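Engineer: I'd like to ask some things about the structure below.
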Amino acid sequence: MDAGSPTGGWKRSATAGRLEVLEVTKSFGANRAVDCVSFVAEPGKITGLIGPNGAGKTTLFNAIAGELPIDSGEVRLDGVRIGSLPPYKIFSRGLARTFQIPRPFPGMTVLENVMLVPQGQHGERFWNTWLRPGLVAREERENREKARAIIEFCGLSPVERQLAGAISGGQQKLVELARALMADPKIVLLDEPGAGVNPALLDTIVDRIVELNRRGLTFLIIEHNMDFVMSLCDEIVVMATGKVIAKGTPETVIADPQVLEAYLGGAVA
């Protein structure tokens, strides 16, 4: 990590999570987008998920996060089945995700976007603003302090009061990461964090991922930038036509004939 990179006052409290994907299948009509996929994202590691266009990577991400029901197989977080849970329950169990195209609330500031994340706040019940105003005010203050510390960690302090819809795409991806961190996750799924990001902001994103991983956060990352993947990931899972065709260290995967064949004449995505 660069010596001059922001660290802020935020401290990660969650433990690293272990994600197991066990023979997961998802079809759309006759198209089997994810075909009996199995792998493990080990705790405290950065696992890359790569493959040509149409390999089924994003469909698998959506299934893991509960946004698509799986047809068969299991998804487990720290040994507990989460494959049948709705997204908000999976999120509350410690699995957060970002999207290839960021989804901030554009009419709200960066700070407000991050502060929206905590669940179960007493201020969500209107009567508590009358009956327990001190508690509501304390939670609001604590959330604001935590959000600002995370925003500083992500290098977003200069834009924290700007509308999220008015900042750059790369900054919006950092906002998504900040929102994920606000939930104290065990594992984060990143969907193409480097896509469309200028080199300076890409360095910031990589730096934050490395630092978070050093602090014990598990990552599963879809990314098309092979330099990014090969330099950052501990393990790589390669998909093609819905199936896993290779998995292992970056050095092992890049030399696999099936991987070379899958990418021959195609674009990495």
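Engineer: Rank 187, 205, 263 by how far each Cα sits towards the positive end of the charge dipole of the range 157-268 (+1 on Lys, Arg Cβ; -1 on Asp, Glu Cβ) and give me just the farthest.
Structural biologist: 187
Engineer: Additional query: Evaluate the distance, in nm, between pseudo-label points positioned 7 Å from the Cα of residue 103 and of residue 22 along their respective Cα→Cβ axes.
Structural biologist: Label-label distance for residue 103 and residue 22, simple model: 2.8 nm.
Engineer: Within 10 Å, Cβ to Cβ, of residue 78, how many net charges do the neighbouring residues add up to if Lys/Arg are +1 and Asp/Glu are -1?
Structural biologist: Here the count lands on +3.
Engineer: First check a/c for the range 31-78, with a ≥ b ≥ c the square roots of the eigenvalues of its C-alpha gyration tensor; if it is under 1.5, answer rounded, and if not, answer prolate when a/b is larger than b/c or oblate otherwise.
Structural biologist: oblate
Engineer: Calculate the dipole size of the chain relative to its Cα centre from +1 charges on Lys and Arg beta carbons and -1 charges on Asp and Glu beta carbons; express the result in debye to the nearest 20.
Structural biologist: 940
Engineer: How much length is gained if the chain between residue 184 and residue 81 is pulled fully straight, taking 0.36 nm per residue apart and subtracting their Cα-Cα distance, in nm to one decimal?
Structural biologist: 35.1 nm
Engineer: So how do 173-182, 92-101 stack up, highest first, on mean other-Cβ count within 10 Å?
Structural biologist: So the peptides 173-182, 92-101, ranked by packing, come out 173-182, 92-101.
Engineer: Additional query: When the accessible area of the chain is split by element with a 1.4 Å probe, what percent falls to carbon and sulfur?
Structural biologist: 53
Engineer: Would you mind working out the accessible area per residue for the chain, using a 1.4 Å probe, and quoting it in Å²?
Structural biologist: Dividing the accessible area of the chain by its residue count gives 46 Å².
Engineer: Let me ask something else. Under the 0.36 nm per residue contour assumption, what length would be gained going from the current alpha-carbon distance of residue 74 and residue 256 to full extension?
Structural biologist: Computed gain between residue 74 and residue 256 is 62.8 nm.
Engineer: Can you give the % of DSSP beta bridges in the chain that are antiparallel, to the nearest 5?
Structural biologist: Given both bridge residues lie in the chain, the antiparallel proportion sits at roughly 55 percent.
Engineer: Note the listed values [x] 55; [y] 50; [z] 47, then indicate which one is percent of Cα pairs over 24 Å apart calculated from this particular structure.
Structural biologist: Looking at percent of Cα pairs over 24 Å apart for this model, the match is [y].
The values are calculated or read from the model by the stated rules, or taken from the named source; none is laboratory data. Predicted model, so just to flag it, every value in this text is computed and none were measured. No Cβ is skipped: glycine too gets one built from the backbone with ideal geometry, and neighbour counts run over all protein chains shown. With ligands, DNA and RNA removed, areas are computed over all heavy atoms of the protein, side chains included. Shrake-Rupley method; radii C 1.70, N 1.55, O 1.52, S 1.80 Å.
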